[in-house]
1. Using alpha-carbon pairs under 8 Å, 6+ residues apart, how would you state the relative contact order of the chain in percent?
2. What net charge is computed for the residues neighbouring N145, neighbours being all others with C-beta under 11 Å from the C-beta of N145, Lys and Arg scored +1, Asp and Glu -1?
3. Using the structure shown, select from K228/K280; K56/K227; K130/K152; K39/K283; K68/K283 the pairs with a Cα to Cα distance greater than 22 angstrom.
4. Which one of K181, K35, K228 has the biggest mean-square fluctuation once the chain is modelled by GNM with Cα springs under 10 Å?
5. Which residue fluctuates the most in the chain, going by a Gaussian network model with Cα springs under 10 Å, if the choices are S246, S28, S316?
6. Give the residue from V49, Q59, L115 lying farthest towards the positive end of the charge dipole for the chain; charges sit on Cβ (+1 for Lys and Arg, -1 for Asp and Glu) and the dipole is referred to the Cα centre.
7. For segment 92-161 and segment 36-64, write down the distance between their C-alpha centroids in whole Å.
8. Roughly what angle does helix 2-20 make with the longest principal axis of the chain, taking Cα atoms, 0 to 90 degrees, to the nearest 10?
Amino acid sequence: MKNISKILVFMMFAMCSIAAGELNLYTSRHYPVDKEILKDFEKESGIKVNLVYIKKASQLIERLKIQKEKAGADIILTVDVGNLWKAASYNLLQPLKMKELDSAIPSHLKDKNDLWAAISVRARVLAVNKSKIDPSTITTYEQLNDEKYKDKILIRSSSNVYNQSLIASMVANNGEEKTSKWLKGFVKNFARKPQGGDRDQLRAMGNGQGAIAVVNSYYAGKMWASKKESDIKVMKDVELIFPNQSGRGAHINISGLGIGKYAPNLENARTFIKYMISKKAQKQFAEANFEFPARKDVKITGLMAKFQDMKFDQLSLTKIGENTPKAIKLMDLASWR
């Protein structure tokens, strides 16, 4: 009898495992919080996550283009709307078809064709060395082409997708002609040849170069929370400016996801998305990486909490993706390398 009971328990466990199944997650995100959330998801759902990490989003997209259904991608998770737009334009995604997304995530943070949605938000901000420049005198991105900021601006290269999305948003908001003219003055104000990542811009400013670093907000959070004394010292003189508060608001970008075109575990993919937009996961995902939740009804704590109520650009992120090719062309014409 005991053996029969054991067999029944084993069969029930096996059936539950089969019912829960698996999820194939392709991601280019590299943050510790992602692993924590995946463990929590597995524990709560019983779904095993098969993680495929590819460092660069461009390489992830290229792999899926080549492998197609052989990749078995259920979820594609990456940073920057430009990458999600590319995945959609290459027909690598399928419609999400989830009412839960409609009620939880604002429309401008979702693809107009329902192919992807944001799960976290970050702003492209200005980190100002307040010992060199009065932060209150800078209120917009558009001011940065003023010749008084010559040799003051630190920024990554034009090949960086965050910068491409920023300029694409300016094309969408201001038009090609105005953006082209602005870029020529902006590039002339660079303190050095664009190089390194966002934190490198902040560190260069700390070493005496420039006075305004264009960075993603969460990198500033990471620097403030750094265990390196040198990074903490750099940030003592830094004030973050969220531009265009009297107008459209600060430019934002996202971490987002979509369901693979050939997803073999479709319902598990939707279960994962439901989990990622839950209040619990939204708070955990945003706070741990110094980002902002995609949901408006989730409030964060910690270093970035005071910035959560800043005005953010409500421009449809789809338009940023659509304008990225134009932005890249204009950046090249302005000799931004």
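1. Relative contact order of the chain: 28 percent.
2. Details: positive: K148, K150, K178, K181, K184, K188; negative: E142, D146, E147.
That sum, taken over residues with Cβ under 11 Å, equals +3.
3. K228/K280; K56/K227; K68/K283
4. K228
5. Maximum fluctuation in the GNM of the chain, among the listed residues, is at S246.
6. Q59
7. Here the answer is 25 Å between Cα centres.
8. The two axes meet at around 40 degrees.
Quick note: the coordinates plus some simple rules give every number you see, no bench work behind them. The model shown is predicted, which means the values in this text are computed figures rather than measured ones. Note that we place each Cβ from the backbone using ideal geometry, even for glycine, and neighbour counts take in every protein chain shown.
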